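The structure under discussion appears below in the form of C-alpha cells.
Every number here is computed from the coordinates shown, using simple stated rules; none is lab data. This is a predicted model, so every value here is computed, not measured. Counting neighbours? That spans all protein chains shown, and the Cβs are built from the backbone with ideal geometry, glycine included.
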Amino acid sequence: MKGSLNVVTILFLIALPAVSYAQRKPPTPTLSNRTYTNIRQVDFRNFDYGSGKNLIRIRRGRGGVMSDIKVIYGDVTGDTEEEAVVLLSGVERSGSFGWPVSAGPYVYTLINGHPKKLEEGDMESEKIQGTVVEATISRALIFVRFVISPNGRDMEQTRGLRAFSWSGLTFEKVDSLPPNGTETRYFFRLFNCNDSCSAFVNGNNVFVNAEGGFETNFGEDGGWIDITEILQAGRNQIKFTVNNGSGAIAYGIQVTKNGSILYEKTCGRAGQVGCENNRVFPKGIAREFTYTIIK
C-alpha cells in the first residue's frame, strides 16, 4: 500500500508545475494594448470606431450596415509622419429601398505607439449637412466629398468638396486653397446663394442633378469642386447662374488655379440682405456670369 501511495504522490508532484506554469503564461495582446511603429501596421478592418451609442465595431471589414472600409495615408499634421484617414460606408435598407450611409472620416495618428483619433472640429459639423462619399489627402489637406439631400432620404440634390487643415488642436475648414506646386489644378466654389446657384462647364454637367449641372441651395457652401479632369485643351467656358424663386438674391462665386483666385463674384448675404439694397428680383435666372479657362 505504501508503494502505491508514493507513486500517486510522485505523479501529483510531477503534474503540479505544469499547471502552475500554464497559469503564469502572459495574456495575448488585444486591439487596445498593441503598440505600433507605423500607422500602416494598424488593422483598421478589425477596429472599433466611435464610442457609446456611436460605437461601430468593424470585424473583417464589416459591421452593422457598414460593408466597405477605405483607408488612405498621408501627412495631414505637418510632422512628416503619416496619418490614416478612414471612411466607413454601406447601404441601409428598408424593404426594397436602400440609401447610402457613412461614418467618418476618422483621422488617426500614432501617439506612443498607439492609434489616437484626432479631433474632427469643422469636419464633424459639416458632416451633419450630408453623407460623406469620398475622402482624399492632398497638400497636407483632407478633401471630403459630400452628398447633400435636403429632403432627408430623397434624391441627391447637391455634391460638394470641402477642404480641411489641421490647426494643431482640431480640423478647420479651408476657404482658400494653398498653392499646389508644379501640378496645375482648377477649382470652383459656389456659396452664399439665395435662392440657389448653378454651374456648367462647357455646357455639360459637373455633377448630375435635375438640371444636369452643379447646384447649391439656399445659404449652402458647395465646397471646392475640382474640375481639372473635365477641362479640354484650349478654351473652356464655365457658366454660373443665380436662380431666384422670389424676393431678393445673393451669391458667391470663386474660381481658383493652384490656390490663387482667378475669378470672384459676391453680392448680398443669404437670409440677411440681398443685392442692390435688398431689391426684389423676378423669378427665374436673376444673374448669369461666364468665365473662360484656357488650358
Using a Debye calculation, one point per C-alpha and no hydration shell, please list log10 I(q)/I(0) for segment 73-134 at q = 0.14 Å⁻¹ in order. -0.51
Distance in nm between pseudo-label sites at Glu119 and Ser96 (7 Å out along the Cβ direction from Cα): 4.9 nm
Starting from the Cα of Lys53, draw a straight line to each of the lysines and keep only those under 30 Å, dropping any in the same chain fewer than 8 residues away. Lys70, Lys116, Lys117, Lys127, Lys173
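What is the total of Lys pairs in segment 207-295 with C-alpha atoms under 20 Å apart, excluding same-chain pairs fewer than 8 positions apart? Display every interim value, and only then the final one.
Numbers: Lys239/Lys257; Lys239/Lys265; Lys239/Lys283; Lys239/Lys295; Lys257/Lys265; Lys257/Lys295.
Lysine pairs, 8 or more places apart or on different chains, close enough: 6.
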